[in-house]
Amino acid sequence: MSKIYALDLKSETVENATHLALLTDEEADDLNRVSGDLYDFFVSHFRRRLVPTRLVDLEDTLKEHEEALDELGDAQIARDRYREALEIARAQAILEGRIQGKNAEEREAHARTLLAEQYQNLRLAEERLTRAKAQAEIARSRFEMIKALLVKG
């Protein structure tokens, strides 16, 4: 696990942070054992890993990542529900004898015509899922980029 620490290099405090650094749990534990000036210890050990906060809007990036993952989950659930609804409607139509044809291609064509709305709903849900996957990947990449900036050094 990692922890993000912030400090203000100008005022030498943690108020109104101007820089961030990502520390491992072990490094964070080391900070808890420091006797004396914690600011001096932090800067002397982690200066090369400090990133200006103006380069990193971490809160927005984390929120964007969480929202993208939520949308991805919702899109997967929606797609699964529409797929299930189509399968049920198709099975019901077969049992009722509404899907007919001499061969598999004719039966498939008849099913697509008869159940056009269910197929359309599934197609739209799959498109939403594709977009959600892309957005989640973009958000993950941005998060990883910021994480790499914080870990540098």
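The values are calculated or read from the model by the stated rules, or taken from the named source; none is laboratory data. It should be emphasised that the depicted structure is a prediction, and the values quoted were computed from it without experimental measurement. Cβ sites come from the backbone with ideal geometry, for glycine too, and all protein chains shown count toward neighbours. Just so you know, the surface numbers come from the protein's heavy atoms only, side chains and all, with ligands and any DNA or RNA stripped out. Shrake-Rupley method; radii C 1.70, N 1.55, O 1.52, S 1.80 Å.
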So the carbon and sulfur contribution to the accessible area of the range 100-142, 1.4 Å probe, in percent, is 51 percent
The answer for trypsin sites (Lys or Arg not before Pro) in the range 99-153 that fall in a DSSP coil and have at most 10 neighbouring Cβ atoms within 10 Å is Lys102
With every protein chain kept in place and a 1.4 Å probe, the residues Glu117, Glu64, Glu87 fall, from largest accessible area down, as Glu117, Glu87, Glu64
